[in-house]
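Structure, as structure tokens:
The values are calculated or read from the model by the stated rules, or taken from the named source; none is laboratory data. Just so you know, these numbers come straight off a predicted model, no measurement behind them. So basically every Cβ, Gly included, is an ideal-geometry build from the backbone, and we count neighbours across all protein chains shown. Heads up: the accessible areas ignore ligands, DNA and RNA and are worked out on the full protein's heavy atoms, side chains in. Shrake-Rupley method; radii C 1.70, N 1.55, O 1.52, S 1.80 Å.
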Amino acid sequence: MASPPHHAPPRLFDRDLHRKRLDRAANGYAGADFLQRRAAYDIAERLAPIMRTFNVAVDLSARGGAFAQALVEEAPGKVETLIEADLSGRMLTGRPGLRVVADEERLPFAPGSLDLIVSTLGLHWTNDVVGALIQARLALKPDGLFIAAFLGGITLTELRQSLVAAESEILGGAGSRVSPFADLQDAAGLLSRAGFVQTVSDVDKVTVTYEHPLKLLYDLRQMGETGVLADRHPRMLTRTLLNRMAEIYIERFGTPDGRVPASFEIITLTGWAPQSAPQA
């Protein structure tokens, strides 16, 4: 009997464009790395109380190296050898250590070769999250640890609402400009589906305030976190549309001190590769 055809996951994101956006952001990334740094230090703090040393670890989406720094400060000696990986080669330049350009959707690591994999704010740009997690689980040794932090559901809700309102008013309809994010309930089952055990999921809600909505857009550009939807909006963002978006943002969400909030949700997933690793 013939095998059923393999159905590729939907192509939500343009990974080549995402790489270009990260390359563009690399030089100024340190000026807007507060979310990456928060996630990296949180992961390092989770590692500190674990009573074992991880011989070989990989930091996916290493960006500016926040996790390596967090290890030194929060969990010294916990990792013997750290390999920093990133989709963008430019993000990895200018610092010592083992580095490799790698795509989370096509991991280059041999099966059973790693003791620890962490991913700091990169998985929300993958087209097949479960597929990426399966690859990570296969790359781990039995009883290896995986910890991932990625942006979740309410992230940029104010910006999303303001853009939709501005487009509806000016263009008579609205399309997708802000990428979709998984909510905690959906994310909780991802590791189990990928074959991990002893899984845990939790969320960190962060509110950042800005002088003006356009300052938020500038930070997102510096982070390399601007939209890379494969099915992009057919119309470019015009100055008129941006200005109206900013007006609506301020009207709806402005605070008494004249600033505007931006919501971010960092979902963290933790799971262990089983002692007897199942096949993909």
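Hey, what number do you get for the chain at 222 nm if only DSSP H runs of n ≥ 4 count, each worth -39500 (n - 2.57), divided across all residues, to the nearest 500?
-10000 deg cm²/dmol
Report the residue, chosen from G195, G153, G77, that carries the largest GNM mean-square fluctuation when the chain is represented by alpha-carbon nodes joined by springs under 10 Å.
G77
Probe radius 1.4 Å, ligands and nucleic acids ignored: give me the carbon and sulfur share of the accessible area of the chain as a rounded percent.
Of all accessible area on the chain, carbon and sulfur atoms account for 53 percent.
Excluding ligands, DNA and RNA, what is the solvent-accessible area per residue of segment 1-159 at a probe of 1.4 Å, expressed in Å²?
Normalised by residue count, the accessible surface of segment 1-159 is 43 Å².
Under a cut-off of 14 Å between alpha-carbon atoms, report the aspartates and glutamates in cross-link reach of K141, not counting same-chain residues fewer than 8 places apart.
D115
If the convex hull of the alpha-carbon atoms of segment 34-100 is projected onto planes in all directions, what is the mean projected area in square nanometres?
Dividing the Cα hull surface by four gives the mean projection, 4.2 nm².
With contacts defined as alpha carbon pairs under 8 Å and 6 or more residues apart, what's the relative contact order of the chain in percent?
For the chain, the relative contact order is 23 percent.
Using r as the Cβ-Cβ distance of D186 and Y218, and R0 as 41 Å, what FRET efficiency do you calculate, to the nearest 0.05?
Working from the Cβ atoms, E equals 0.85.
Mind computing the radius of gyration and Dmax over the alpha-carbon atoms of segment 2-134? Å is fine for both.
15.7, 55
Of the listed pairs K78/K205; K78/K215; K20/K215, which have alpha-carbon separations greater than 30 Å here?
As for pairs spanning more than 30 Å Cα to Cα, those are K78/K215.
If each residue of separation counts as 0.36 nm, what is the full-extension length gain between T81 and R239 once their alpha-carbon separation is subtracted?
Extra length from T81 to R239 when fully extended: 52.1 nm.
Hey, how much of the P(r) for the chain falls beyond 33 Å, as a percent of Cα pairs?
Cα-Cα pairs of the chain separated by over 33 Å account for 24 percent.
Between rounded, prolate and oblate, where does segment 55-197 land on the alpha carbon gyration tensor, with a ≥ b ≥ c its root eigenvalues, rounded for a/c under 1.5, else prolate if a/b exceeds b/c?
Taking the square roots of the gyration eigenvalues as a ≥ b ≥ c, segment 55-197 is prolate.
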